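The values are calculated or read from the model by the stated rules, or taken from the named source; none is laboratory data. Remember, it's a predicted structure, so these values are computed and weren't measured experimentally. All Cβ positions, even for glycine, are placed from backbone atoms using ideal geometry, and neighbour counts span all protein chains on display. For accessibility, only protein heavy atoms count, side chains too; no ligands or nucleic acids. Shrake-Rupley method; radii C 1.70, N 1.55, O 1.52, S 1.80 Å.
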Amino acid sequence: MASFFITGASRGLGQELVRELVTRPASEVSKVIASARGNSPALEELVKNSAGRVAVVQLDVTNKESIKKAVVEAERILGGRGLDILINNAGICQYAAGGAKSMENLQENFTINVFGVHWVTQEFLPLLRKGNMKKVANMTTSLASTTLARDAMALPAPAYKISKAAMNALTVQYALDHEKEGFSFIALCPGWLKTDIGGGDMADLTAAEGAKASLDLIFKPGQELNGQMPKVLVRGWENKSHKYDGTNVPW
């Protein structure tokens, strides 16, 4: 039975991860702690219909005191048991039509997409050490690939791409530092999703499809994906122009 803590769960992919997890049997998923900065009626509705398996915790990933309080609350909810899986899903994507020269939002992107992930992970590590699965999934994007940067020029969000590339590097450092403890740190690409941050109906996959496929990777046993940046595998998308075939994205 796995326990989860998910950041940025008030909407989009984060909310769908919660929704997908509670469809799975209690023998597979015991507790889902969904975090959000403010009130979320949709999450509260999931709590009501989860038979006690979902809890909501307030969390601002840019505020260290908020993170510490969330850890204390998660410990209380888990009743002394460890946390199995942390999903760092909270993130920001801002556009800059002028490219790198108009990147006034770089600091904000780094604060949320890099430092937020680092601060949350650092505070939750003791609780994860007490868990059985010891997995951390940092949600990323193939748009952050330096190798594929030319292919991603159509999306005018340089600060997003740069900050996610830094987060990917952060993930690798955590993977190297903690692999001997049995941890698995993954930079996971859930695909181009039909969410507010993903571009709505222009995108390829629904948030539900991205959530299910992401969890299929997260639930892979052992440390096979430690320090990797895998794409999700979605049947029917293996040979399209945007491939979702489960392979690793080049850094």
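General observations
- Scanning the stretch 40-59 for residues that are touching a strand residue (DSSP E or B) at 6+ places or on another chain (Cβ under 9 Å), under 18 Å from ARG11 (Cβ atoms) and assigned to a loop (DSSP other than H, G, I, E, B) yields SER40, SER50, LEU59.
- Hey, ASN113 crowded, with 21+ Cβ neighbours inside 10 Å and more than 22 Å from ARG53 (Cα to Cα) or not: yes
- Among residues of the stretch 233-244 that are outside any loop (DSSP other than H, G, I, E, B), those with a beta-carbon under 7 Å from a residue that is open to solvent by less than 70 Å² (accessible area, probe 1.4 Å) and among the hydrophobic types (A, V, I, L, M, F, W, C) at least six positions away or on a different chain give the pairs LEU233/ALA213.
- GLN122 vs. criteria touching a strand residue (DSSP E or B) at 6+ places or on another chain (Cβ under 9 Å), part of a helix (DSSP H, G or I), open to solvent by 50 Å² or more (accessible area, probe 1.4 Å) and without any contact (Cβ under 8 Å) to a residue 40 or more places away in the chain: no
- Near pairs, Cβ below 8 angstrom, 6+ apart or cross-chain, from the stretch 140-165 (over 18 Å from HIS118 (Cα atoms)) to any residue that is of a type in the set (S, T, N, Q) and open to solvent by 20 Å² or more (accessible area, probe 1.4 Å): LEU148/SER142; ALA152/SER142; ALA157/GLN94
- Residue match in the stretch 210-221 (condition: touching a Gly at 6+ places or on another chain (Cβ under 8 Å), open to solvent by 50 Å² or more (accessible area, probe 1.4 Å) and either assigned to a helix (DSSP H, G or I) or not charged (D, E, K, R) (or both)): no
- Taking (1) aliphatic (A, V, I, L, M); (2) at pLDDT below 95; (3) open to solvent by less than 60 Å² (accessible area, probe 1.4 Å); (4) touching a Gly at 6+ places or on another chain (Cβ under 7 Å) in turn, ILE197 satisfies each apart from (3).
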